[in-house]
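*Asks:* Here's a structure for you.
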Amino acid sequence: MSLPSSLAVPKSDLRLFPPALQAYQERARTNEETALEMEIVSTYPDVEYKLVRDIAALFGFDFFCVSYSGTFPGFTDRHSIFVKNIERGSPDFRPVWTGAHELCHLFENAAHLHLPALTALKQLVSDDAWEKRRAIEDNDVETDFRAMFDGGPEVEIDRSTQRQAYVWNEVIADCYASMWADPSFWDGLKSCHPNLERAQDFVAVIERLSAASRVTPVISYPSRTWYPAENREKVRVIMTQMTAAYLSPT
């Protein structure tokens, strides 16, 4: 993957978006929900959006940079990742982090990989990680909207099993998102992936992250790391293993 010179959205993406959007809107109508009105962005606002699109493609997922009125930065629908068009300089600009967070939610569909990773991660995060993440969700006016996109019932503010799972999924997605801007994560994937061609894709990701960082640092979300610094390497290993297993199903 070479760094393209143009930030224009490929025509293939423009053709692909309508079916993905139509499927999302149809599910909303079937569930008697309100679909979010949005438009695809014909020109990426920053090279980081294009990088996220190409990383998502490595996993077989579709990525769209979109404009909509909601305040939340991104969401998923089946095999698609939607990240809001936000200009660099905004305090909410972190497309690489957001794209990684949303992609991790798509891993939830592979429960045999996601649940063991989550179980291991619970032993490494701070004791108050769940409570702090729950507080964020409870204070987020868009929480019910997010649940709606996932096709589930509106999220109740309680300690039900469903609620606990919902918040833990947010915790692991945050931890996973903290990995994407770290070249060592991609280097670890390269080392454990048997497909040499795919391994070169990870090398290309490292090179593009480095190129983007030379212009300005790839922005993460330090306040949502959830694990102590001394556990970062263990967390990275867990996230790497989950990702490698997803890309190389046995």
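The values are calculated or read from the model by the stated rules, or taken from the named source; none is laboratory data. Only a predicted model underlies this, so the values are computations on that prediction, with no experimental measurement involved. When we count neighbours, we look across all protein chains shown, and the Cβ atoms used for this are built from the backbone with ideal geometry, even at glycine. The protein model used for the area step is the full one, side chains on, heavy atoms only, and it has no ligands, DNA or RNA in it. Shrake-Rupley method; radii C 1.70, N 1.55, O 1.52, S 1.80 Å.
*Asks:* Could you sort Tyr44, Tyr221 by their accessible area in this structure, using a 1.4 Å probe and putting the largest first? Write out the running numbers ahead of the final one.
*Replies:* On the way: Tyr44 5, Tyr221 50 Å².
Largest accessible area first, the residues go Tyr221, Tyr44.
*Asks:* Which of the GluC sites (Glu not before Pro) across the stretch 47-108 are loop residues per DSSP, with 13 or fewer other Cβ within 10 Å? Walk me through the numbers on the way to the answer.
*Replies:* Numbers: sites: Glu48, Glu87, Glu102, Glu108; in loops: Glu87, Glu108.
Sparse-neighbourhood loop GluC sites (Glu not before Pro): Glu87.
*Asks:* About the Cα centre of the stretch 87-133, how large is the charge dipole given +1 on each Lys and Arg Cβ and -1 on each Asp and Glu Cβ? Please answer in debye to the nearest 20. Working shown, then result.
*Replies:* Working: 5 positive and 7 negative charges, 21 e Å.
Dipole of the stretch 87-133, to the nearest 20 debye: 100 debye.
*Asks:* Another question, then. Over the Cα atoms of the stretch 61-105, what radius of gyration and what Dmax do you get, in Å?
*Replies:* Expressed in Å, the Cα Rg and Dmax of the stretch 61-105 come to 9.9, 30.
*Asks:* Still on this model: Above 21 Å lies some portion of the pair distances; for the stretch 30-127, what is it as a whole percent of all C-alpha pairs? Don't skip to the answer; put the middle values down first.
*Replies:* Working: 1923 of 4753 pairs.
Value for the stretch 30-127 (Cα pairs over 21 Å): 40 percent.
*Asks:* So if each residue of separation counts as 0.36 nm, and I subtract the Cα-Cα distance between Glu230 and Ala111, what length gain in nm does that give? Mind showing how you got there, number by number?
*Replies:* Details: separation 119, 0.36 × 119 = 42.84 nm, distance 2.76 nm.
Roughly 40.1 nm would be gained on extension.
*Asks:* Rounded, prolate or oblate: which one fits the stretch 88-128, using the alpha carbon gyration tensor with axes a ≥ b ≥ c (rounded when a/c is under 1.5, else prolate when a/b beats b/c, else oblate)?
*Replies:* Oblate, because a/c is 1.5 or more while a/b does not exceed b/c.
*Asks:* Using θ = phi - 60° and the Karplus form 6.51 cos²θ - 1.76 cosθ + 1.60, what ³J(HN,Hα) does each residue of the stretch 176-192 get, whole Hz, x for Gly and Pro?
*Replies:* Whole-Hz 3J(HN,Hα) from phi for the stretch 176-192: 5, 4, 6, 8, 4, 7, 9, x, 5, 5, 5, 5, x, 5, 4, 5, 9.
*Asks:* Please list, in order, the residues from the stretch 105-137 whose amide nitrogen is less than 19 Å from a point placed 7 Å along the Cα→Cβ vector of Gln162.
*Replies:* Of the residues in the stretch 105-137, 108-109, 134-135, 137 have backbone N under 19 Å from the label point off Gln162.
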